[in-house]
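Step one of this worksheet: look at the structure below.
The values are calculated or read from the model by the stated rules, or taken from the named source; none is laboratory data. Every value quoted in this text rests on a predicted model; they were computed, and no experiment measured them. Cβ: placed from backbone, ideal geometry, glycine included. Neighbour counts: every protein chain shown.
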Amino acid sequence: MASLAIAVVVSQFHASYVERELAVQTQTEHYVKAMEAHVIYSIQSVDLSLIGFANAIKVLPAKQSQSAGTMADLLSWKGSSFNSDYWITFVDPKGNAIATSTGDKVLGASYADRDYFKVHVRNTYPGKLFIGEPAVGKVSKKRLFFLSRRVESAKGEFLGVVVAPLNVDRYINVFQNSRFDSDISISLVHGGGKVIARVPNSDQAFARDLSSTALFDNVRRTSTGTYKTVSVIDKLSRVFSYRVIDGLPLIIVVGSNDDETARLLQQNYVTAGCGLTALLLLMWIAGIFSLRTYTRQEEREIRYRTLYSASREMERQLLDNEEQRKKNEESMKQAALLFQNSGEGMMVTDARGQILTVNPAFSLLSGYKEKELVGHRAYDLASSRNDKEFFDRIFECVSKTGYWKGEIWQKSKDGEEYLVSMLINTVHDDEGNPFRYVALLSDITQKKASEELIWRQANFDALTGLPNRRMFNEHLRLEMKKTDRSHLPMALIFVDLDHFKEVNDTLGHDKGDMLLKEVASRLSASVRSTDIVSRLGGDEFTVILSELHNAADVVRTAQDILRKMSTPFHLGEHIAHISSSIGITLYPEDGRDAETLIKNADQAMYTAKEQGRNRFNYFAPFMQEATHTRMTLVSELREALQRDQLRVLYQPIIDLSNGAIVKAEALVRWQHPSRGLLAPAEFIGLAESSGMIKGIGDWVFQQAAREVLKLQAISSPSFQISVNKSAWQFRDDGSNYQLWLDFLRQLKLSPRSIIIEVTENLLLESDRMLALQHAHMQIAIDDFGAGNCPVSVLKQFGVDYLKIAPGFVAAKGDGLQISEAIIAMAHKLGIQVVAEGIETQQQLAAMTAAGCDFGQGYLLSKPISGEELEKQLQKQYAPVGK
């Protein structure tokens, strides 16, 4: 009875202890998740800067990529978005620093001993971010850890390493401010074992190796968990929760002191322990007596067990030898099957590099049969693009490490050159000498070509070949930096074509595209080679005149542009007459930032249009009064919904396989009482900036939902209407997507009946798109190709349709190739494609031949009312006999 009572008391004490320990564990787990979110955000922000710089240097000529001056300019431009928490340094292929964004004198400093440089030289992390272990900076003398990326040329040549040292003090400050109790410790630990940041005891903890502690014992078992131990840093017992950040060699560890819990438990156990000790003493005395009785019997049984175990062990060894022989035979069979049926090319050579055998996949890749290759040297198959130094580097790497991975140009039997990704491994004999070399090869020619095409698509206008809006913004900020250093003024010229819409409407979009190409050519011929001409979109162009020594150069350039734009354009058998309106701003007089400079140039251009066009105007403060007119239009737009002045038209979307109307796009128009029917371009921008886009967007959504209900009754339940949604409707509290879903349920309409059209940039910004996906509402990316959307994001958000930008559909040559690449990529991802802006039979035939799923454009149908669309569907679904 005494033991039962003690057991009950101890059980209660233990339950109380467990409850408190669970509370401490929950607290530390929540801390870990919060700190993980902060670290991931900061790492991603820095990585975006690294990617941007790597892409920028990729297109530089080889000499400029190793020029300290060029690199300093590039880094100082990109440094504008940095703060003291990190900076960017470029290291050449030999490990020597070229330049840094802080302007520090790092030229010639060697970083060849850094772990990140060694990793990128070996190309262990191709195309990936590498996070190095913490260390004290060689120049800054600060506590740092390093993010880095390998920089390669378009041909895959190693140009160096771009590295971002992160100041550990940033994380120490964040961790310190996040603690609400002094007994909590927060640590960021590198996957290699060293502490990056910790509070408290940050100085003592920095770069401390924890790889042999309880933390890494637990990490090796599971990527997240909780354990209890004494800290090796401050010698305090804590309950620690940890989490390995997905995809990164970083661990967040949060500990909470459990001294109070242990003290209470110890006090309770002392009370119960006294009674338990007395009971155990009595039991011990009785046990000694019993053990003596059974000792002799136990010794006899032990002898019997020993003899039995020896016989069983001998039997097991005989069976194991037979099983090992069978396993070896099976392993040889599997290796032979893998070699013969592998999808990758495989080649085996002897220690001198002579080919011993190749698998069928290698024969398919090279065009050579196995018997044609045996006995030949492996490098005989390489293209002449690879020089002797290239092979010397491969041989040196394999000799030192037994391993090489990289890209190499090969030449097939029919003489065609192709790029392969090759992995070479060394097989050693029993004495450690090279015995065989095994090479794995994969054809990446098409992949490299697609990457180059996508990069150009992201930075240049597909029609004119000029820098697009994204590249223009980068150039503008760079030129502003150069002006700040040289103290020579810079001018921004904003060019808008007059009467371009009339050319498009009368001669067609094909002639309009020809005109835009010729405009780009004439603009480029009007400026110096150092000046930058860009196309922002539509008929808007910009010219950046940098480092002006003479103010008259701006006037001379503007007059030259006006003259060339007013000169007739020969568009095949047609002649087009246009002019241009030009707005000019000077930096820094007319604006200290890029946004202000662009806005003021735009206002100056609008003033030139209002004054009769075919002229230029410098920006002046009075031009801001022009915004008064726009404010009037905003006021009228507020009344448009109440007075039923908005209209919704529908442009049919055709199934290119059979010509049937299967979808439609809802397009809003404004029936203005005095200005007539206004297109979205004339008022949607005002609606966005004034906040009215929310109400207009909801109204269009409801109209489209009611109309699709009618159209499905006429045609098929699978008929869909796509609705364009502005980025403003998904920012802050502007999105009413839950009300949209409620409205569909009210109509008893499937969410799949409505397709939400968004731009690529909106898809990158908005997490709310996931809510629409989870509600089974389909998503389409409008004007795909005009933005910069990673392929991974398309899968992440479950995109259903891509709408190819009309510029690619209308363009020939590169435009058609880009369209074909988009269609092939989309189909690989299970995404259907819509070709927008089909204006000619040639474009329709090209998109159909490319395998595009759907088509839309004035050739197929102009936007029509809901009643007209209903009539067309009634004819389409009418019985054949009628």
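For the stretch 524-545, the candidate set comprises residues that are assigned to a loop (DSSP other than H, G, I, E, B) and out of contact with any strand residue (DSSP E or B) (no Cβ under 7 Å at 6 or more places or on another chain); within that set, the residue that is nearest to L488 (Cα to Cα) is T530. Filtered by the rule that a residue be of a type in the set (D, E, K, R) and either in a loop (DSSP other than H, G, I, E, B) or in contact with a helix residue (DSSP H, G or I) (Cβ under 8 Å, 6 or more places away or on another chain) (or both), the stretch 204-227 gives R208, R220, R221. Within the span defined as the stretch 707-714, every residue fails to be in a loop (DSSP other than H, G, I, E, B), surrounded by fewer than 18 Cβ atoms within 10 Å (Cβ to Cβ), at pLDDT 90 or above and among the small types (G, A, S). Mind checking whether some residue in the stretch 750-769 is of a type in the set (D, E, K, R), modelled with pLDDT of 85 or more and assigned by TED's automatic domain parsing to the domain that holds E870? Looking for residues that are of a type in the set (D, E, K, R), modelled with pLDDT of 85 or more and assigned by TED's automatic domain parsing to the domain that holds E870, one finds at least one in the stretch 750-769, hence yes. Considering only residues in the stretch 476-505 that are in contact with a helix residue (DSSP H, G or I) (Cβ under 8 Å, 6 or more places away or on another chain) and acidic (D, E), the one that is nearest to D590 (Cα to Cα) turns out to be D496. In this entry, A835 passes the filter for residues that are in contact (Cβ under 8 Å) with a residue 24 or more places away in the chain and either buried (at least 23 other Cβ atoms within 10 Å of the Cβ) or of a type in the set (A, V, I, L, M, F, W, C) (or both).
Which of the residues belonging to the stretch 631-687 are among the charged types (D, E, K, R) and either touching a Ser or Thr at 6+ places or on another chain (Cβ under 6 Å) or part of a strand (DSSP E or B) (or both)? The answer is R647, D655, K663, E665, R669. Of all residues in the stretch 91-106, those that are assigned to a loop (DSSP other than H, G, I, E, B) have Cβ atoms under 6 Å from Cβ atoms of residues that are modelled with pLDDT of 85 or more and of a type outside the set (A, V, I, L, M, F, W, C), 6 or more apart or on another chain, in D92/G160; P93/G160; G95/S110; G95/Y111; V106/T100. Of the residues in the stretch 384-395, not one is small (G, A, S) and either modelled with pLDDT of 85 or more or surrounded by 15 or more Cβ atoms within 10 Å (Cβ to Cβ) (or both). There is at least one residue in the stretch 546-560 that is in a loop (DSSP other than H, G, I, E, B), farther than 21 Å from H475 by Cβ and at pLDDT below 90.
Every listed requirement among (1) surrounded by fewer than 18 Cβ atoms within 10 Å (Cβ to Cβ); (2) modelled with pLDDT of 90 or more is met by D181 save one, (2). Taking the listed residues Y418, Y368, the one that is at pLDDT 85 or above, assigned to a strand (DSSP E or B) and not assigned by TED's automatic domain parsing to the domain that holds G127 is Y418, with no other qualifying.
Among helices (runs of 4 or more DSSP H) entirely within the stretch 802-882, having at least 1 residues that are more than 19 Å from F784 (Cβ to Cβ) and in contact with a strand residue (DSSP E or B) (Cβ under 6 Å, 6 or more places away or on another chain) singles out 866-876. Residues in the stretch 361-389 that are under 42 Å from the mean Cα position of the chain (by Cα), of a type in the set (A, V, I, L, M) and within 28 Å of L337 (Cβ to Cβ): 5 in all.
Could you look through the stretch 347-360, keep only residues that are of a type in the set (A, V, I, L, M, F, W, C) and surrounded by fewer than 20 Cβ atoms within 10 Å (Cβ to Cβ), and pick out the one that is nearest to the chain's Cα centre (by Cα)? Per the criteria, the residue is V348.
Here's the yes/no breakdown for (1) outside the structural domain of L419 (by TED's automatic domain parsing); (2) in a strand (DSSP E or B); (3) over 29 Å from the mean Cα position of the chain (by Cα):
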residue: L147; (1), (2), (3): yes, yes, no
residue: R150; (1), (2), (3): yes, yes, no
residue: L159; (1), (2), (3): yes, yes, no
residue: F175; (1), (2), (3): yes, no, no
residue: S182; (1), (2), (3): yes, no, yes
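Figure legend. Inter-residue proximity from the stretch 481-510: first residues under 29 Å from L545 (Cβ atoms) and modelled with pLDDT under 90, second residues part of a helix (DSSP H, G or I) and of a type in the set (S, T, Y), beta-carbon distance below 7 Å, spacing 6+ or different chains. Indicated pairs: P489/T483. If only residues of the stretch 810-836 that are of a type in the set (S, T, N, Q) and at pLDDT below 90 are counted, the one that is farthest from the chain's Cα centre (by Cα) is Q817. In the set I51, I57, only one residue is surrounded by fewer than 18 Cβ atoms within 10 Å (Cβ to Cβ), modelled with pLDDT of 80 or more, not in a strand (DSSP E or B) and not polar (S, T, N, Q); that residue is I51.
Of all the listed residues (L869, L816), the sole one being among the hydrophobic types (A, V, I, L, M, F, W, C), closer than 14 Å to A660 by Cα and crowded, with 16+ Cβ neighbours inside 10 Å is L869. Scanning the stretch 97-120 for residues that are in contact with a Ser or Thr (Cβ under 6 Å, 6 or more places away or on another chain) and closer than 15 Å to L75 by Cβ returns A97, T100, V106. Screening the stretch 558-606 for residues that are of a type in the set (K, R) and more than 22 Å from S524 (Cα to Cα) and picking the one that is surrounded by the fewest Cβ atoms within 10 Å (Cβ to Cβ) gives R592.
Selection over the stretch 838-866 of residues that are surrounded by 16 or more Cβ atoms within 10 Å (Cβ to Cβ) and within 30 Å of the chain's Cα centre (by Cα) gives a count of 7. Does any residue of the stretch 428-442 turn out to be at positive phi and free of Cβ contacts under 8 Å to residues at least 12 places away in the same chain? Yes, the stretch 428-442 has at least one match.
Hey, any hits in the stretch 517-525 for a residue that's without any contact (Cβ under 8 Å) to a residue 24 or more places away in the chain, more than 22 Å from I598 (Cβ to Cβ) and not polar (S, T, N, Q)? No, the conditions are met nowhere in the stretch 517-525. The set of residues in the stretch 98-140 being charged (D, E, K, R) and either closer than 14 Å to A164 by Cβ or at pLDDT below 85 (or both) consists of D104, K105, R114, K138.
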